[in-house]
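*Asks:* Sharing a structure with you now.
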Amino acid sequence: MRPERRRPIRLRLTLLYSSLFLLAGAVLLAAAYGLVAHSLDTGPPPATSVSSQAYLAPAIKLCKATARGPVALDKCEQQAHDSLQKAAQAGLSYQRDQALEHLLYYSLAALAALAAVSAWLGWMVAGRALRPVHAITAAARAASEENLGERIALTGPDDELKELADTFDAMLARLDTAFASQRRFVADASHELRTPLTVMRTAIDVTLAKPGRTQAQLESMATEIRQAVDRAEALIEALLTLARSDRGRDCAEPLDMAVLAEDALDAAAPAIAARPITVETVLWPGPALGDPVLVERLVTNLVDNAIRHNVPHGWMQVATGTRGGMAFIEVANGGALIPEEAVPSLFEPFWRLSGRSGPPDSTVSSNGTASPDNPASPDSTVSPDGTGLGLSIVRSVALAHHGQVIARRRAAGGLEVSVLLPARPG
């Protein structure tokens, strides 16, 4: 099977323009030809006209000279008149045919010349109109995972092609942001996973380097390794949860935000008592539809972050209910003073107020609580088992359920996070 020859759209547009012009010209030519043919008279001139009398005068004179009797004279004059009529008819027909023939030839020649000019103009206009398309094609060919910074930046009238170019630029910007975020996330996840591995390797190397290892030293090494394994397991579980929520929810089942909040607070009771933290709750029913596993993890992360990144003898408030057709849960806690411009970054994976690098015990975790070295909050502490993914998972789960997350810094220190999910109908 022979492959179909490629016909550029510029050529097709040129042929279309030329065909439409030829069709319009042919219709105009046919109309003009018909009007001219209809307007040209082929009838003989009236016998009473001056020219007719002038042509008939010699014939009548001859008839009078040669005719014998009135009957013969009338017959001769009638024959002369008929001959004049036939001659005039033939002359007019000849002139009409010549005029129409010249009109047709000249019109066809002019139409052919204009068709050639229209084809050239159509080719130029089509090329100019398709120039933005060539720019978009070139940008699409140049785009790759490593080169997404190029933009078309099309100028000109606000038409469909500019809208297409702007849409393509916006798509490249989103892809650039997504790839950059993915690369940053992979690098951060690798860094975070390297920390427990380093702890385990160091504990093993230090213990094995001692010539006389005791049972207590081996048990201490095993304890350190177990803690590092627990941290790595928690981080991997958080990464898997984040990946699952980024894919979207797998099911939609009835659930109640108040019940999930009660379960999360019951599970966190030992940690609350160890701080200790004063807990205030206002749990009204918050019926919603969603993935129970993901929404339960969302609520658990909010409660755990509020506990882990609180101050000793601090406070925490948890509220649930419905508002404006949305089921909500609000968790507020005391803690370090957070800069206003840093609040949106708290939902980024592994983001800390002092940056993305550094050991976990010297920076601020994902909900913005500072370390003991932070002069803004000398009483604050940081739990070493935080993964830095708590609020990232909260945001991802909320977006997967077509909800929203709102975070507000508290002027006295700490954070207030509100999550709204579509309420269950009925």
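*Asks:* Please determine whether any residue of region 212-232 is within 25 Å of Leu389 (Cβ to Cβ), small (Gly, Ala, Ser) and under 47 Å from the mean Cα position of the chain (by Cα).
*Replies:* There is at least one residue in region 212-232 that is within 25 Å of Leu389 (Cβ to Cβ), small (Gly, Ala, Ser) and under 47 Å from the mean Cα position of the chain (by Cα).
*Asks:* Cβ-Cβ under 6 Å, sequence separation 6+ or interchain: first residue in region 8-29 and basic (Lys, Arg), partner part of a helix (DSSP H, G or I) and surrounded by 17 or more Cβ atoms within 10 Å (Cβ to Cβ). Which pairs?
*Replies:* Correct list of pairs: Arg10/Ala126.
*Asks:* Taking the condition in the same structural domain as Asp291 (by TED's automatic domain parsing), under 49 Å from the mean Cα position of the chain (by Cα) and over 20 Å from Asp291 (Cα atoms), does Arg275 pass?
*Replies:* Yes.
*Asks:* Check region 17-28 and report whether any residue there is modelled with pLDDT of 60 or more, of a type in the set (S, T, N, Q), assigned by TED's automatic domain parsing to the domain that holds Ala116 and exposed (fewer than 14 other Cβ atoms within 10 Å of the Cβ).
*Replies:* Looking through region 17-28, none of the residues is modelled with pLDDT of 60 or more, of a type in the set (S, T, N, Q), assigned by TED's automatic domain parsing to the domain that holds Ala116 and exposed (fewer than 14 other Cβ atoms within 10 Å of the Cβ).
*Asks:* I've got another one for you. Quick one: Leu353 ticks every box in (1) at pLDDT 85 or above; (2) part of a loop (DSSP other than H, G, I, E, B) bar one, so which box is it?
*Replies:* Result: Leu353 fails condition (1) only.
*Asks:* Would you mention how many residues in region 260-281 are over 15 Å from Trp315 (Cβ atoms) and either in contact with an Asp or Glu (Cβ under 6 Å, 6 or more places away or on another chain) or hydroxyl-bearing (Ser, Thr, Tyr) (or both)?
*Replies:* Residues in region 260-281 being over 15 Å from Trp315 (Cβ atoms) and either in contact with an Asp or Glu (Cβ under 6 Å, 6 or more places away or on another chain) or hydroxyl-bearing (Ser, Thr, Tyr) (or both): 1 in total.
*Asks:* Could you please let me know if Glu77 is over 30 Å from Pro132 (Cα atoms), modelled with pLDDT under 70 and among the acidic types (Asp, Glu)?
*Replies:* yes
*Asks:* Answer with yes or no whether Phe328 is assigned to a loop (DSSP other than H, G, I, E, B), under 33 Å from the mean Cα position of the chain (by Cα) and at pLDDT 60 or above.
*Replies:* So Phe328 fails the test.
*Asks:* Same structure again: Just checking, which of Ser118, Ser107 is surrounded by 15 or more Cβ atoms within 10 Å (Cβ to Cβ), in contact (Cβ under 8 Å) with a residue 40 or more places away in the chain, closer than 21 Å to Leu11 by Cβ and in the same structural domain as Val27 (by TED's automatic domain parsing)?
*Replies:* On the way: Ser107 fails: closer than 21 Å to Leu11 by Cβ.
From the options Ser118, Ser107, the qualifying one is Ser118.
*Asks:* List the number of the failed condition for Thr207; all other conditions in (1) within 51 Å of the chain's Cα centre (by Cα); (2) surrounded by 14 or more Cβ atoms within 10 Å (Cβ to Cβ); (3) at pLDDT 80 or above hold.
*Replies:* That leaves (1) as the condition not met.
*Asks:* Which of (1) surrounded by 13 or more Cβ atoms within 10 Å (Cβ to Cβ); (2) modelled with pLDDT under 80 is the odd one out, the single condition Asn147 does not satisfy?
*Replies:* Checking Asn147 against (1) surrounded by 13 or more Cβ atoms within 10 Å (Cβ to Cβ); (2) modelled with pLDDT under 80, the one that fails is (1).
*Asks:* Let me ask another. Take region 279-313 and flag every residue that is surrounded by fewer than 17 Cβ atoms within 10 Å (Cβ to Cβ) and among the acidic types (Asp, Glu).
*Replies:* Matches in region 279-313: Glu280 only.
*Asks:* Conditions: (1) more than 29 Å from Gly334 (Cβ to Cβ); (2) among the acidic types (Asp, Glu); (3) outside any helix (DSSP H, G or I). Glu280 meets all but one. Number of the miss?
*Replies:* (1)
The values are calculated or read from the model by the stated rules, or taken from the named source; none is laboratory data. Computed from a prediction, not measured in an experiment: that's the story for all the values here. Cβ sites come from the backbone with ideal geometry, for glycine too, and all protein chains shown count toward neighbours.
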